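This structure is in structure tokens; I'll ask about it shortly.
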Amino acid sequence: MASTDQPSTPARVLLLHNRYRAAGGEERVVDQQETLLREHGHAVARLERDSSETGAAQAARGLLRGGLDERAVAEAVRAHRADVVHAHNVHPLLGWRALAAAREAGARVVLHLHNYRLVCATAMAYRDGAPCTRCHGRDTRPGVRLRCRGSLPEAVVYGAGIARQQPRLLAHADACVVVSRAQLATLVQLGAAPPGAVVLPNAVERIAADSAAVDGTYALVAGRLVEEKGYDVAVRAARAAGVPLRIAGEGPAEPALRALAAGGDVRFLGRLPGPELAAQRRGAAVMLAPSRAQDPSPMSVVEALADGVPVLASDRGGLPELVGSAATLPVDDEPAWTAALAALWTDPRLRAARAADGLARARAEHAPEVYYERLTEVYARVLA
């Protein structure tokens, strides 16, 4: 391992990440982490695999074996002289063997958990319209019986792979990071809470000096269009409150949402690149996040707060931690959503106050310098 005798010398970091078939908030976290570390003088390298380029047979082998590329990981650690290997998503191609190889090559390992994949085949701990904790610890049989991955063969592979990998992943991590207190509490319920896990809230690249939400001309939702995000609640509330709604994203729930929105002032924007999505946030009066799932810490909400956009969010997962109790609503109480949205839409002073509260929360919990200080405390602990 590279020398850490001089505390003032920034740790050399190798980032590990298995990219998802559809890029999302986790990819933005990895990108931002790399940028932030480089800005503070760290030598950073990155080793990635991409599920969009992976066939079903190769993914199955990776899940069941616990990774396929441990030799490449060891070589990257040695080539970069990495002090710390910071692993994000490791499934299906990296797995626990990547963490073991990193340690054997002389690095310390930080495992960054963004979801519930330690136990849950879908990573969401959600099923049939509600949070789900049927699988527990290494008992993933409920997910197999219910075919949570769709087909029985895929459900079997995920169930077996997760059960085999879970203890080894935790055993080969020198520290584990989660993104919210709610995520950690759910992992406790699932019987897979990492011992000594550190809560590291997601960060943003920048925080706005002030808010433009008082001049906003629509409500906004942004994310993958799937049932568990609850965007049908947003469409109904916006129509009932008479508020124009813009929907940024794509996914299997889009046809149903379009049918629900027919005849209303609802615009579907599709999946937007980062700068275009940021422009949509700057024109919004409010963002709606009516998730039915236990979302640990959606980046779309963190980014809205940092841009000074008030957020109305459901009472699920890490959302109450992000927005506070005054902006939290029961997910399926549509009259409450309609009333809260109408109140923000018709009262610019309330909108300004909520925006200011969101900016204060972003500065306290999600500013780059706050994130960097917390992150390097984790690195210092594993290197001590």
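The values are calculated or read from the model by the stated rules, or taken from the named source; none is laboratory data. Source: prediction; values computed, not measured. Positions of Cβ are backbone-derived with ideal geometry, glycine not excepted, and every protein chain shown enters the neighbour counts.
Please work out which one of (1) at pLDDT 95 or above; (2) surrounded by fewer than 22 Cβ atoms within 10 Å (Cβ to Cβ); (3) not β-branched (Val, Ile, Thr) is the condition residue 287 fails and give its number.
(2)
What is the one condition in (1) touching a strand residue (DSSP E or B) at 6+ places or on another chain (Cβ under 6 Å); (2) hydrophobic (A, V, I, L, M, F, W, C); (3) in contact (Cβ under 8 Å) with a residue 40 or more places away in the chain that residue 29 does not satisfy?
Condition (1) is where residue 29 drops out.
Answer yes if at least one residue in segment 121-144 is among the β-branched types (Val, Ile, Thr) and closer than 22 Å to residue 33 by Cα, and no otherwise. Steps first, please.
Step one: filter segment 121-144 for residues among the β-branched types (Val, Ile, Thr), giving 122, 133, 140, 144.
Now drop any that are not closer than 22 Å to residue 33 by Cα, which leaves none.
There is no residue in segment 121-144 that is among the β-branched types (Val, Ile, Thr) and closer than 22 Å to residue 33 by Cα.
Related question: For residue 295, all conditions in the list (1) acidic (Asp, Glu); (2) surrounded by fewer than 24 Cβ atoms within 10 Å (Cβ to Cβ); (3) part of a loop (DSSP other than H, G, I, E, B) hold save one; what is the number of the exception?
Failed condition: (2).
Here's a follow-up. From the list 203, 240, which residue is closer than 18 Å to residue 358 by Cβ, modelled with pLDDT of 95 or more and either more than 18 Å from the chain's Cα centre (by Cα) or in a loop (DSSP other than H, G, I, E, B) (or both)?
203
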